[in-house]
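The block underneath contains the structure these notes are about, expressed in structure tokens.
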Ligand SMILES: Cc1cc2nc3c(=O)[nH]c(=O)nc-3n(C[C@H](O)[C@H](O)[C@H](O)COP(=O)(O)O)c2cc1C
């Protein structure tokens with residue numbers, strides 16, 4: 001069984017609909033730790049030792065966040081800058097993140113059709129998050145495509161939001177229990193494209 005660390009990255013939880021729903025769907029699951037970065041470090045003074053220890057204690061790290069300016073809310077960049085130290089995260093002597101899974105769970109206002117070469121935003125989500133993929137590679141982690149909830153600006157029906165919460169829970173449980181096929185998942189644009197195809201029944 002893998003231990004899962006969810007780095008929850010949202011600066012305004014009181015105004016969050018989607019990320020709160022996703023979070024509620026996985027809260028309290030065995031083997032899953034939720035670490036709320038903005039709540040823990042409202043002044044951005046990140047406790048590097050605590051964060052490194054959390055990473056060491058878990059086998060998969062999920063950064064769950066809304067897409068802000070085609071990227072992440074700013075504390076996540078601060079986290080990467082401070083926590084991923086040379087000799088711990090990367091470098092010839094570093095192996096503490098080696099083999100751990102790295103995944104982003106991203107919510108975005110624009111829908112899938114806008115995140116294409118010929119769409120309004122001109123770049124795919126996978127292209128936009130390539131710095132994180134490169135970072136994961138440098139740290140010898142196993143990168144997975146994002147779990148994505150898109151099209152929020154068009155106003156997702158309650159049923160659809162609920163379904164994304166259920167999918168998120170299934171995905172996290174699949175990663176935890178080893179029932180999610182990592183190699184198959186890596187071929188998808190979004191990990192939640194077709195969860196039936198990549199998660200086998202226990
Ligand atoms: C500062 C800011 C920047 C944003 N930038 C983007 C963006 O670049 N692309 C996009 O599709 N949506 C963008 N959005 C929309 C958010 O991604 C969307 O509101 C969020 O994912 C909804 O999740 P929530 O209900 O948990 O807040 C932005 C929103 C804010 C507040």
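Throughout, read-outs are computed from the coordinates displayed, never taken from laboratory work. Keep in mind the model is a prediction, meaning the values are calculated, not measured. All Cβ positions, glycine included, derive from the backbone under ideal geometry; neighbour counts span all protein chains shown.
From the list 88, 79, the one residue that fits, being surrounded by 20 or more Cβ atoms within 10 Å (Cβ to Cβ), away from the ligand (no atom under 14 Å from the Cβ) and in contact (Cβ under 8 Å) with a residue 12 or more places away in the chain, is 79.
If I ask for residues that are within 16 Å of the chain's Cα centre (by Cα) and in a loop (DSSP other than H, G, I, E, B), which ones from segment 40-64 would you list? The answer is 58, 59. For segment 19-35, the tally of residues that are out of contact with any helix residue (DSSP H, G or I) (no Cβ under 6 Å at 6 or more places or on another chain), within 13 Å of the ligand (Cβ to nearest atom) and under 22 Å from residue 77 (Cβ atoms) stands at 2.
Here is a yes/no grid of residues against (1) closer than 24 Å to residue 84 by Cβ; (2) touching a strand residue (DSSP E or B) at 6+ places or on another chain (Cβ under 9 Å); (3) touching a residue at least 40 places away in the same chain (Cβ under 8 Å); (4) surrounded by 14 or more Cβ atoms within 10 Å (Cβ to Cβ):
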position: 104; (1), (2), (3), (4): yes, yes, yes, yes
position: 108; (1), (2), (3), (4): no, yes, yes, yes
position: 121; (1), (2), (3), (4): no, no, yes, yes
position: 148; (1), (2), (3), (4): yes, yes, yes, yes
position: 151; (1), (2), (3), (4): no, no, yes, yes
position: 164; (1), (2), (3), (4): no, yes, yes, yes
position: 179; (1), (2), (3), (4): no, yes, no, yes
position: 195; (1), (2), (3), (4): no, yes, no, yes
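Within segment 40-70, the set of residues being touching a helix residue (DSSP H, G or I) at 6+ places or on another chain (Cβ under 7 Å), within 16 Å of the ligand (Cβ to nearest atom) and under 26 Å from residue 173 (Cα atoms) comprises 63, 64, 65, 66. What is the number of the single condition among (1) over 23 Å from residue 3 (Cβ atoms); (2) in contact (Cβ under 8 Å) with a residue 40 or more places away in the chain; (3) in contact with a strand residue (DSSP E or B) (Cβ under 9 Å, 6 or more places away or on another chain) that residue 141 does not meet? Result: residue 141 passes all but (1).
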